[in-house]
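**Student:** What follows is a single structure, and I will ask about it in a moment.
Nothing in this text is a laboratory measurement; each read-out follows from the coordinates by a stated rule. Only a predicted model underlies this, so the values are computations on that prediction, with no experimental measurement involved. Neighbour counts run over all protein chains shown; Cβ positions are idealised from the backbone, glycine included.
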Amino acid sequence: MRCWPWLAALAAAAGLSAPASAASFDYRLQARKVADGVYALIGKIENFSRENGGNIVNTGFIIGVDGVIVIDTGPSKAYGEQQRAAIAQLTAKPIVQVLLTHSHPDHVLGNQAYPGVPVASLPATAVTLTQSGDALLGNLYRLVGDAMRDTEVRLPNAVAADGALSVAGRKLRLIAARGHSDGDLMVFDEASHTLFAGDLVFFERAPTTPNADLPQWLETLDALDGFEFAVLVPGHGPVLHDHAGIAQTRDYLRWLRDSLQGAARRGLDMPEVLQLPMPERFRTLAVLKTEYERSVTHLYPAYELDTLPTIPRSKPK
Ligand SMILES: [Zn+2]
């Protein structure tokens, strides 16, 4: 981009800064210690925008005995690089493992910052990124702009499986689930009892549902009810020390399911469903209106279809 020095000087004099470019986009990542050796990078509870550079997501890392495990790499190459720099400020140990919670672009497009490191996901995540990664990337370029520059899709190069994983001298339990997407990986650190729940848990922000299976998601949340942890890092929203995020996500998804089901039975059309009142208790959730509209748009047609009578097909004569 051509730069006009006099314009920059004028902007500086007026206390305005020039628009961020890819080279200078600063995510201002601050690693927050959530348990012994466990850190989270907490994103904003907003929609994607040029101002936040796509940093609407929580990522994390665990410093083990002889290496570091990264959980999700963020929305862009620049984010991944700055995540790596934030880790380097705390430890000189090498990054030995990246784990991806699921395929959504805000969680995986920083993979480029980790060449030569095993990047593992559930098989379904790799399949989705192979099929739709470029489309997801293009969408984020449109929504976020400059901060995305030079970002490319890097597929996982290793497979994560449900069960115990010992890495960098740290005992982890990987939990394979479904519901928010078709492959949701949770990471539990046995030493600190920290659960990285990915997008199965949102807190203080309306859940996103573009690839959701609501019954499966609700089943997973029910199973999480009995899960003991000291710290829960949700995919979006503040870090928790109790089950409030699980309860809030479930409450919202149940309401969404029941509301869409009820509307379909009453024969409402989509514009009418979009106008339905939101329960008071959800009004404080960030990005509520946008996420509700998105959810209605992609989930409601299936509920409408469910209410149509099935007519038995006559046998061919
Ligand atoms: Zn997601």
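**Student:** Of D213, D162, D269, which has the largest mean-square fluctuation in a 10 Å C-alpha GNM of the chain?
**Tutor:** Maximum fluctuation in the GNM of the chain, among the listed residues, is at D269.
**Student:** What is segment 38-127 by shape, rounded, prolate or oblate, if you read a ≥ b ≥ c off the alpha carbon gyration tensor as root eigenvalues and call it rounded for a/c under 1.5, prolate for a/b larger than b/c, and oblate otherwise? Before the final figure, lay out the partial values.
**Tutor:** Values: a/c = 1.88, a/b = 1.25, b/c = 1.50.
Here segment 38-127 falls in the oblate category.
**Student:** With each label point set 7 Å from Cα along the Cα-Cβ vector, what nm distance links R294 and F227?
**Tutor:** Roughly 2.2 nm, to one decimal.
**Student:** Let a ≥ b ≥ c be the square roots of the eigenvalues of the Cα gyration tensor of the chain; is it rounded (a/c under 1.5), or, if not, prolate (a/b larger than b/c) or oblate?
**Tutor:** Values: a/c = 1.76, a/b = 1.28, b/c = 1.37.
Oblate.
**Student:** For a label point 7 Å from the Cα of A302 along Cα→C-beta, name the residues of segment 207-231 whose backbone N is under 17 Å from it.
**Tutor:** 207-221
**Student:** Angle check, please: helix 77-88 long axis (alpha carbons) against the longest principal axis of the chain (alpha carbons), in degrees 0 to 90, nearest 10.
**Tutor:** 60 degrees
**Student:** Still on this model: What FRET efficiency, computed as 1/(1 + (r/R0)^6) with R0 = 25 Å and r the Cβ-Cβ distance, is obtained for E280 and H241, rounded to the nearest 0.05? Walk me through the numbers before you get to the answer.
**Tutor:** Working: r = 26 Å, r/R0 = 1.03.
For E280 and H241, the calculated efficiency is 0.45.
**Student:** So what's the angle, to the nearest 10 degrees on a 0 to 90 scale, between helix 123-144 and the longest Cα principal axis of the chain?
**Tutor:** 70 degrees
**Student:** Name the most mobile residue of E81, E152, E272, meaning the one with the largest mean-square fluctuation, in a Gaussian network model of the chain with Cα contacts below 10 Å.
**Tutor:** E272
**Student:** Along segment 151-162, what does the Karplus equation 6.51 cos²θ - 1.76 cosθ + 1.60 (θ = phi - 60°) give for ³J(HN,Hα), rounded to whole Hz, x for Gly and Pro?
**Tutor:** Result, rounded to whole Hz: 6, 10, 6, 10, 6, x, 10, 8, 10, 9, 9, 4.
**Student:** Taking a threshold of 27 Å on the Cα-Cα distance, which of the pairs K33/K289; K33/K171; K33/K77 fall above it?
**Tutor:** Table pairs above 27 Å Cα-Cα are K33/K289.
**Student:** Further question on the same structure: Using amide H atoms built 1.01 Å from N in the peptide plane, name the residues 5+ places from G43, or on other chains, whose amide H lies under 5 Å from its own.
**Tutor:** Residues meeting the criterion, in which the H sits 1.01 Å from N, are V57, N58, T59, G237.
**Student:** Using a Förster distance of 35 angstrom, determine the FRET efficiency expected from the C-beta separation of K93 and S132, and round it to 0.05.
**Tutor:** Numbers: r = 34 Å, r/R0 = 0.98.
After rounding, the FRET efficiency stands at 0.55.
**Student:** Add -39500 (n - 2.57) for each DSSP H run of 4 or more in the chain, then divide by its residues: what number comes out at 222 nm, to the nearest 500 deg cm²/dmol? Walk me through the numbers on the way to the answer.
**Tutor:** Working: 8 runs with 106 residues, N = 317.
Here the helix-only value at 222 nm equals -10500 deg cm²/dmol.
**Student:** Between D36 and A191, what length comes free when the chain is fully extended (0.36 nm per residue of separation minus the Cα-Cα distance, one decimal in nm)? Kindly include the intermediate steps, with their values, before the conclusion.
**Tutor:** Values: separation 155, 0.36 × 155 = 55.80 nm, distance 0.84 nm.
This chain segment gains 55.0 nm when fully extended.
**Student:** For segment 106-153, just say rounded, prolate or oblate: build the C-alpha gyration tensor, square-root its eigenvalues into a ≥ b ≥ c, call rounded for a/c under 1.5, and beyond that prolate if a/b exceeds b/c, oblate if not.
**Tutor:** Values: a/c = 2.70, a/b = 1.35, b/c = 2.01.
Oblate is the answer for segment 106-153, as a/c is 1.5 or above yet b/c matches or exceeds a/b.
**Student:** If amide H atoms are built 1.01 Å from N in the plane of the peptide, which residues on other chains or at least 5 residues away come under 5 Å of the amide H of A191?
**Tutor:** Excluding prolines and chain starts, which carry no amide H, the hits are K171.
**Student:** What does the charge add up to near A164, with Lys and Arg as +1, Asp and Glu as -1, over the other residues with Cβ less than 10 Å from its Cβ? Provide the component values of the computation, followed by the final result.
**Tutor:** On the way: positive: K171, R173; negative: D162, E190.
After counting each charged neighbour, the total is 0.
**Student:** Taking K and R as +1 and D and E as -1, what net charge do the other residues with C-beta under 14 Å from the C-beta of I71 add up to? Mind showing how you got there, number by number?
**Tutor:** Numbers: positive: R32, R84, R170, R173; negative: D72, D106, D184, D189, D199.
Once all neighbours under 14 Å are counted, the net charge is -1.
**Student:** Taking the chain as the reference, fit the longest principal axis to its C-alpha atoms, fit the long axis of helix 288-307 to the helix C-alpha atoms, and give the angle between the two in degrees, 0 to 90, nearest 10.
**Tutor:** Roughly 30 degrees between the two axes.
**Student:** Can you give the FRET efficiency to the nearest 0.05 for D251 and A164, using r as the Cβ-Cβ distance and R₀ = 30 Å? Mind showing how you got there, number by number?
**Tutor:** Numbers: r = 32 Å, r/R0 = 1.07.
About 0.40, to the nearest 0.05.
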